[in-house]
Amino acid sequence: MTEQLAQLIVVEKQGEIVGFLSYELPNHTSEDKTALVTCCYVSPLHYGQGAGSALLDELETRLLSTPVMQISLKALNTNNQG
């Protein structure tokens, strides 16, 4: 049995990590073709500078070569930035 581990994308600016996104791919035997974003964070110092968009763009690029058909994520209703 192989355990599916989360994948991680990191965005850097001038050598400093300013954000990251982790996601899980669906099980290969599952009929569900949904990738799950498990965590997405951008430093408040870098809001509005494209870091979040860069993370989502890279996620989309990576998923194009998989059978994933949709992406799911949840945000807390108290998360005004999300």
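Only the coordinates and a few stated rules stand behind these numbers; no lab work does. Bear in mind the structure is a predicted one, so any value in this text is a computation, not a measurement. All Cβ positions, even for glycine, are placed from backbone atoms using ideal geometry, and neighbour counts span all protein chains on display.
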According to the Cα gyration tensor, what semi-axes, each the square root of 5 times an eigenvalue, does the equivalent ellipsoid of the chain have, listed from largest to smallest in whole Å?
25, 14, 11
So, relative contact order of the chain in percent, Cα under 8 Å, 6 or more apart, is 27
Provide the FRET efficiency to the nearest 0.05 for the residue 49-residue 77 pair, computing r from the beta carbons and using R0 = 30 Å.
0.75
By how many degrees, 0 to 90 and rounded to 10, does the Cα axis of helix 51-63 deviate from the longest principal axis of the chain?
20
